Amino acid sequence: MIFSLNAKDPLATRLLADGIPYQLLLLLLKFPPIQPLIEQVYNDALTKGIFPDSWNVSLMTLLYKKNDPNDMENYRPISLCNTDYKLMTRLLNHRLMEVAPQLINENLAGFVPGRFMPKMQCDVKLSWNMPKE
């Protein structure tokens with residue numbers, strides 16, 4: 001999964017806290033001498049709970065929403081995390097989405113690929129209107 005990410009990913013256009021462009025990380029991921037080191041970092045994180053210090057760092061900044069830019073209420077704070085940390089969250093998300101359908105009740109549709117929210121709404125309406133015994 002780590003080595004299958006591509007530059008067309010929406011993450012590729014974001015500025016992240018460490019200033020490392022996503023495209024540079026992708027080039028490093030494809031460089032054979034570095035691949036085992038990167039795999040080791042991510043495997044240690046997943047299996048041993050060993051995380052690089054850089055994953056505890058983020059940069060908080062303000063994001064302009066709309067209206068008067070001089071009014072602070074028109075901004076919202078966001079945290080920019082490091083590129084390697086964002087890559088790890090993508091990896092975890094990918095793995096979770098593979099098993100989510102087996103872990104989440106079939107009557108729940110939110111955040112489960114392949115489940116359709118309007119179908120769930122129809123099921124609720126139908127069961128609500130069923131005669132009570």
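None of the figures in this text is laboratory data; all of them are computed from the coordinates on show. Everything numeric here is computed off the predicted structure, so don't read it as measured data. In this analysis, Cβ positions are derived from the backbone assuming ideal geometry, glycine residues included, and neighbour counts consider all displayed protein chains.
Sparse packing (at most 15 other Cβ atoms within 10 Å of the Cβ) combined with a DSSP loop state is found for the following trypsin sites (Lys or Arg not before Pro) in segment 26-133: Lys30, Lys65, Lys66, Lys132.
Working out 0.36 nm times the residue gap between Asp123 and Arg90, then minus their Cα-Cα distance, what length gain in nm do you get to one decimal? The partial results should precede the final answer.
Details: separation 33, 0.36 × 33 = 11.88 nm, distance 3.23 nm.
Result: 8.6 nm gained on full extension.
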